[in-house]
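What follows is a set of notes on a single structure, which appears directly below.
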Amino acid sequence: LCSDVKVQVPFLFILLCLQVIKCKAAVLWEANKPFSIEEVEVAPPKEHEVRIKIMATGICRSDDHVVTGALVTPFPIILGHEAAGVVESVGKGVTSFKPGDKVIPLFIPQCGECKNCLSSKGNLCGKNDRALGGGLMPDGTTRFTCKGKAVHHFLGTSTFTEYTVVPEASVAKIDSAAPLEKVCLIGCGFSTGYGAALQTAKVEPGSTCAVFGLGGVGLSVVMGCKAAGASRIIAVDINKDKFAKAKELGATDCINPKDFEKPIHEVLIEMIGQGVDYSFEVIGRTDTMTAALACVQHNYGVSVIVGVPPAAQKITFDPMLLFTGRSWKGCVFGGWKSKDSVPKLVADYMNKKFVLDPLITHTLPFTKINEGFDLLRTGK
């Protein structure tokens, strides 16, 4: 009898772990509608998948781009991609995670096998959700069901839910002592902005920088420029209420384009002389992208697009801006290789190499997610 018990107990434990979970999720049924808090069914993780209990999630402008239709995705969908949680169960073949591990889901996976992962030049893994067609797990199915309907995933993460399932390549294990309500920002906003300065642009000590847009990502760019030793960091935004925090985090100047009659790139060139060494567009507008390019030093200036470009829009610009030597670069997740870098960034936070608290303006219960998006849209 005793030997029978020893065999049966682990078997029962595995069965319990691999059950469908019913929980709350914020489902977006169609564009330009509010989120609906629904009961969803979350299927068990399949081979090389991890099911995570989400403990904290941030809201990001990229999520709102789906709501407004600027970023096209299939519906219904569970959005969210900036979060931290605890592993609830793992699928067959998963050896690097176990239940109870603190983790951050990764909207940019790192499979370690594709050409981009093997290269030192890029971080955009070939197995990311957009490359696979969007809205589904790598096997072409979904783990979410609501009211009998399949619900799509978002960027391989879908964190606006109490439980989610993600591919093993899209999870990073972090310090067990890390405060999840803080380090969730390392899942997107902070890492994207901070890395844009340090990893993508490689800002140099003594250089000059201009940052267009002072949301959470833009403020993180400011922090990255300061950490790199930039001598002058000019923050640009039409919302003056953001200037105080920008200066707190390292901006030396704050300017509002509405205060000038001439184009903002001309204002910046006059402020610096020949233009800034580095500029960052952290809004996602084509007009500010071209302004950011035009304001950098004509021969060796570098401009980085950090804000998500709007769907179906094109940029028209004078090619002479590039002919004389300027560089125009794109940046996804700050250029970091996610699985390698996220645990290190969390460790840096724990060692007080940077702060995250100033980036958190409000903490709301999950059921008030629509109020959170209202705060985002009003610049608060």
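The values are calculated or read from the model by the stated rules, or taken from the named source; none is laboratory data. Because the structure is predicted, anything quoted here is derived from the model rather than measured. Please note: Cβ atoms are built from the backbone with ideal geometry, for glycine as well, and neighbour counts cover all protein chains shown. These area figures cover heavy atoms from the full protein model, side chains too; ligands, DNA and RNA do not enter into them. Shrake-Rupley method; radii C 1.70, N 1.55, O 1.52, S 1.80 Å.
Values for this structure:
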{"quantity": "The range 228-246: number of residues that are open to solvent by less than 40 Å² (accessible area, probe 1.4 Å) and of a type outside the set (Phe, Trp, Tyr)", "calculated": "10"}
{"quantity": "Residue match in the range 9-29 (condition: at pLDDT below 95, over 23 Å from Lys102 (Cβ atoms) and either in contact with a Cys (Cβ under 8 Å, 6 or more places away or on another chain) or in a loop (DSSP other than H, G, I, E, B) (or both))", "calculated": "no"}
{"quantity": "So Ser170, is it among the polar types (S, T, N, Q) and either open to solvent by less than 20 Å² (accessible area, probe 1.4 Å) or in contact with a helix residue (DSSP H, G or I) (Cβ under 8 Å, 6 or more places away or on another chain) (or both)", "calculated": "yes"}
{"quantity": "The range 272-293 - residue that is without any contact (Cβ under 8 Å) to a residue 40 or more places away in the chain and open to solvent by 10 Å² or more (accessible area, probe 1.4 Å) and, of those, farthest from Asp253 (Cα to Cα)", "calculated": "Thr286"}
{"quantity": "Residue in the range 353-365 that is surrounded by 16 or more Cβ atoms within 10 Å (Cβ to Cβ), within 16 Å of the chain's Cα centre (by Cα) and in a helix (DSSP H, G or I) present", "calculated": "yes"}
{"quantity": "When residues of the range 206-227 are limited to those that are under 20 Å from the mean Cα position of the chain (by Cα) and part of a strand (DSSP E or B), the one surrounded by the fewest Cβ atoms within 10 Å (Cβ to Cβ)", "calculated": "Phe212"}
